[in-house]
Every structure is written in structure tokens, then in C-alpha cells.
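Just below is one structure, and these are the notes that go with it.
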């Protein structure tokens, strides 16, 4: 066996025989083009991304790969949601409907009391929720909307909110108080996503968020302080000018201009103070939302809610808020006789994106088995999502991340085609080359391919992934996944005798790149990486910092590896590895599911379960969609995380998953936090 492997390596070594300068010129051209400003950072919502896809399709064909795969094209197309915007004003309206008002005479027909809210002034529909029509939905006040078993605090403990609209205060009890059991800073219970998920889990039909009086006071005080500083500076400016005995015309003009600018600043700060007295939140303030299409989320001004609370409970909202903060005992209650009527419409923009796929067919008895070699070609556009500095709107060119991996992918394809020509025979196994899209949004492209494979996954024997291979420093190459198959660790060592890297090996097949999608389906996978750097996810990740000779050497090593795996009679034997331990903090128990971020149906879709984890022991499988966890209904990953935190290690929880067209109930016993 070892002799055969060595012979395979010797056959592979001519891949590196071509003039290095020619190879580097080709690879350099790929990176320079993909990382150019013309491609706009290859963001999901840019014109540069489909342009990159067309370029790669042409390059795959030019390299000699079969590309007539999807209706004559190498483009595996699918759609994803990229953004949300508010629908027409006429389709976003709210009103509180109460008991009939008293009438002056018996002949007069009673009519229901209505408090009609004005969009943008009194309320705003939030992107965090979904679209729905609401008619006669009962209203319930649930305080801060918190369920915290570890603190023996639960705003939902003694009230049924199934099918009702819940009114939820922002933040947490005793906000800013260092002696609060929730802490002086924001705990996870203060986050929008936690409150919204908790409401959804309890069956709420709509969520109405309201800013606390304490937060409004804090914001007003901050702006008043800035206003006062500006006023003091103006007084100082006037005093300094008065101290000049005989000011010149130039000094007078300069003084007038300074006074004008400072007065303008004072006016701006004064306007901001007014804006903070009870504003409606911005559309995206609570997040982009998930799959809760039937559960809208609104932000409502306190002034409007005060009118509602006085009419229904005989109290103002600040009285209820003060009682909650003073006693730390929930005071949730239904607003009897009052209901919510209205409509929310959110338009979510969906765009078509594409994986780019090329095939090099094998020959012989193993030709129906497949090796996948992949690299993602998308990046961050102008940094709208995932960037280190989300306020920086410069183009994030992503030269290393991941133009370098794509350049290596193309070069590997060229080298394997050249190898077949030199050897006078095809490889023993098929090789599928995939430039994935949507990696930066959560491995969307690789997840889509896994769900819609070109060739059967059960006959896909290995996956080799390249992500950020353009910054080789001190000759250090990192190889993840060496423990995912029995031969991989030894294979890396033997190949490195030829390629002479300083290699760091990591056995796990999990990680934040596209190889993880394959390993979750028990396909042995290795991921090649030259290391992190300060330009990661910043506009400074540019072409001039790429180590092109190092990138070439990585490509040649992976090409040799593909030949060695392809021509070995035995397929790599899958081994289970553990997910890297991550410090989560708190007491959240361990479940062990692997998210499928490409899932677009209501529920939490998983691409697999970690070996030996509670999820695996409980029978969860790749492709399952969790729709209920214990008593909580689940629409997305945030809901699942919120529900999981309500349990502790050792608890056995009923988990309902949608598996195909069936709903399956499983029991999972949770492990200690990891």
C-alpha cells in the first residue's frame, strides 16, 4: 500500500515541473482581477459577483473542464434573501380597539373605542418580524419579556400569550444598576433577538416593543450634556472677543463666523434632545429577522401606550415599570377588552446567485466516485455584513479572502488536466471543482450543493478546500481535517517531503469554511489555510499583499494530494472528530447540532450532529428542521438558542423535527456546557 502511494506521489510530481514564472503569472492575474475595484468586493448584492461567476465559468472551460452541467452551463443557480425593506404605508397600519364608548342616549348605537396609530410618528414596523394581517388580536403586557430560570424570573410564568400580541419593554430590570441581578451592563436578556425569540416561543402572534423611561432619560441626558458644552463654548467665545480692546475687521469677521458655527451646533443638539424624548426606532434596529413570516414586530411610542394602559388598566406605563424595577417580580397581565388590529408588510429582496462547477471525469472501476475541490469566490462588497469595521463603506476587495483560494482552485484544475495529458490516462476518480458563493453569509453555496449534489454524496470520497492561501508567512501552512480520514495525516506528511512547508495540522473537520458542509455529511475533508492577518475582512486585504510564489506552492501540493487520493485503490475511510471547543459563557447546556444556514423554511435547519453529541445520541440527522424544543416553538437559530438556554445539563427535552414531509418527535438529554 505504501509503495503504491509513493508511486502515486512520484507520478504527481511533474505537476510542479512547469516554469514557476508562468504559473505565478496566471495565478496573479486571477487574484488581481477578482480583487479589483471593478468587482465591487464580490458582495452578494453587487454586480461584481455575477461578473466573477461568468469569469470563472470561462476559466473552467478554458482549463479543459466539462462545464455543460446545468442546462448547458456550469452555474448552479439558487436564490437567497439579501435585504428587507418596509412595504407600502397603506399595508403597515395599527390600531388599538377597545370596549364601546358610553353613548348619550339609548337610541345611539355604541361604537368601539379606537386608538389609531400613525406610521413613523407613533409606531414603526420592524425588519426583525414578518408580514401578517392582524384582526382582533388580544393584547397582553409581559413586562421585560424575560424568561430567566437561573434568576427565578419569568415574565411569562403565569400568563397565556398563545395567539396574542405582547407588549414588551426594552432592556432589563434596574437597567444600569450595578446591584441588579441582571448586571449593570446589558445581559443577553436585554437583546432584541432574545426578547423576540422568547415571545415567539411562547406562541405570541405579534410583538410590540417599547423603550423604557430610564433609557429615554439616559439618552436625553447625554444630549443635554452635549448641548450644555456647546453653550459654554459659545459663552467663552464671546468673552474672549470682548477682551480684545480694539478688534480689527478681520478679527470681527472671524468672531462672527465662529459664533454662527457654534450657534448652529447648539441648535442641532437641541433638536437631538427633542428627538430622544420618545422616538420610534429605525426599521433595522432590532435586526434583519429570520423565518417568522407570520409574527410581525413593531416598535411603539410610550405616549401611545400610556393612553392604552390608562384606558385599560387605569395606570400609566411608567408606574408598571417602576413596580417591576422595585420588586423584581413580574406583573404581566392581559389588557381585557382591548385588542390589536392592523397589518405589517415587509418586502424581502431575493437575488439569484450561483456556484460555479466544472468536472474532470475519471476512468476505470472507480470513475463513479468523486473528489470535490472547492473555494469560495464571494466576499463582503462594501463591508455591509461581516466586516471588522461595519461603518467603513470602502470596497472590501478580499484578495486573500478568497481570491487566493479561487486562483489556487483554477490552477489545480489546469495542473490535473495537464497531468492527464502527460500521463496519457485519466485519473481513477472524478474530480469536481466548485467555486462556492455565499460563504461569507454562512456557507450558503456549499450547503446548497450538499442539498442538491451533482453526483451522489455517498460516492463523494473526499473534499479539499482552499480559503485564504495567499499570505504564506515563514513558510507556515495550516491543514485542517487531517483526522477526518485514516490516511490523511500520513498523506500530508509524505507529500510535504516534496513541498517542504512548516505544517501545522488540526484533526477537526469542522470550521468556518465550506469544508464543514461536507464533513457534516461524513465526507472526509481537508482545509488549507496560510493564516489570519490584520487585513482580514478589512478594505486593506488587497492584491499587493499576496505572496504569489507561496500561493503557487500551496496549489501544487493540493493538486498532488488530489492525484494521490484519486489513484489510491481504497477510498479515504471517514473518522469522526470533535468540534473545536468554544467558550460560550453562562450555563447554556451542550446540544451538538450543526446549523444549515441555507435553510429558508420556518424552523432551525441542521446539516448534521456532532459525533457523540446529545443531538446525535437523540437521533437527529442531517436535513432535519427543528420546529419545537420542549414547549417552545422554533422558527430559526435564534429561537433555538433562546429555548436551549432555559434548560440545564442532564435535562431530557422532547425535540420535534420536520424530516421530509413528516414531523418526528425525539428525546435529547443535554450535556454540560462546552
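Computed from the coordinates by the stated procedures, all read-outs in this text should not be read as laboratory data. Only a predicted model underlies this, so the values are computations on that prediction, with no experimental measurement involved. Note that each Cβ is placed from the backbone with ideal geometry, even for glycine, and that neighbours are counted across all protein chains shown.
Expressed as an acute angle from 0 to 90° and rounded to the nearest 10, what is the orientation of the C-alpha long axis of helix 192-201 relative to the principal long axis of the chain?
90 degrees
Note down the relative contact order for segment 12-101 as a percent, whole number, built from C-alpha pairs under 8 angstrom at least six residues apart.
Values: 34 pairs, mean separation 10.8, N = 90.
Relative contact order of segment 12-101: 12 percent.
Give the average over all directions of the projected area of the C-alpha convex hull of the chain, one decimal, in nm². Please report the intermediate quantities before stating the final value.
Numbers: hull surface 163.6 nm².
Taking a quarter of the hull surface, the average projection is 40.9 nm².
If you average the C-alpha positions of segment 279-318 and of segment 593-627 separately, how far apart do those two centres end up, in angstrom?
For segment 279-318 versus segment 593-627, the Cα centre distance is 33 Å.
Could you sort the peptides 327-340, 529-542 by per-residue average Cβ neighbour count (10 Å cutoff), highest mean leading? All intermediate terms of the calculation are to be shown ahead of the outcome.
On the way: 327-340: 16.8, 529-542: 18.4.
Packing proxy ranking, top to bottom: 529-542, 327-340.
Which FRET efficiency value, to the nearest 0.05, do you get for residue 323 and residue 114 by plugging their Cβ-Cβ distance into 1/(1 + (r/R0)^6) with R0 = 35 Å?
Numbers: r = 28 Å, r/R0 = 0.81.
The calculated FRET efficiency here is 0.80.
Taking the Cα-to-Cβ direction at residue 336 and at residue 239 and moving 7 Å from each Cα, how far apart do the two end points lie in nm?
With each label point 7 Å from Cα toward Cβ, the separation is 6.2 nm.
Just need the relative contact order of segment 593-669 here, percent rounded to a whole number, with Cα pairs under 8 Å and 6+ apart. Each step should come with its number before you reach the end.
Details: 144 pairs, mean separation 21.0, N = 77.
Relative contact order here is 27 percent.
Cβ neighbours within 10 Å, averaged per peptide: list 612-622, 455-465, 425-435 in order, most packed at the top.
On the way: 612-622: 19.0, 455-465: 20.6, 425-435: 23.3.
Going by the mean number of other Cβ atoms within 10 Å, highest first, we get 425-435, 455-465, 612-622.
What is the antiparallel percent of DSSP beta bridges lying wholly in the chain, to the nearest 5?
Numbers: 64 of 97 bridges.
The answer is about 65 percent antiparallel.
Using only Cα atoms, find the angle between the long axis of helix 213-242 and the longest principal axis of the chain, and express it within 0 to 90 degrees, rounded to the nearest 10.
Taking the Cα atoms of the chain, the angle to 213-242 is about 80 degrees.
Listed highest first by mean packing, meaning other Cβ atoms within 10 Å per residue, what order do 251-257, 558-564 come in? All intermediate terms of the calculation are to be shown ahead of the outcome.
Values: 251-257: 12.3, 558-564: 25.4.
Per-residue mean Cβ counts within 10 Å order the peptides as 558-564, 251-257.
Mind pulling the angle between the C-alpha long axis of helix 249-275 and the longest principal axis of the chain? Nearest 10 degrees, somewhere in 0 to 90.
Roughly 90 degrees between the two axes.
For segment 449-507, what's the relative contact order in percent, using C-alpha pairs closer than 8 Å and at least 6 residues apart?
Details: 36 pairs, mean separation 23.0, N = 59.
So the answer I get is 39 percent.
Find how many whole Å separate the alpha carbon centroid of segment 23-88 from the alpha carbon centroid of segment 478-513.
When both Cα centres are located, 29 Å separates them.
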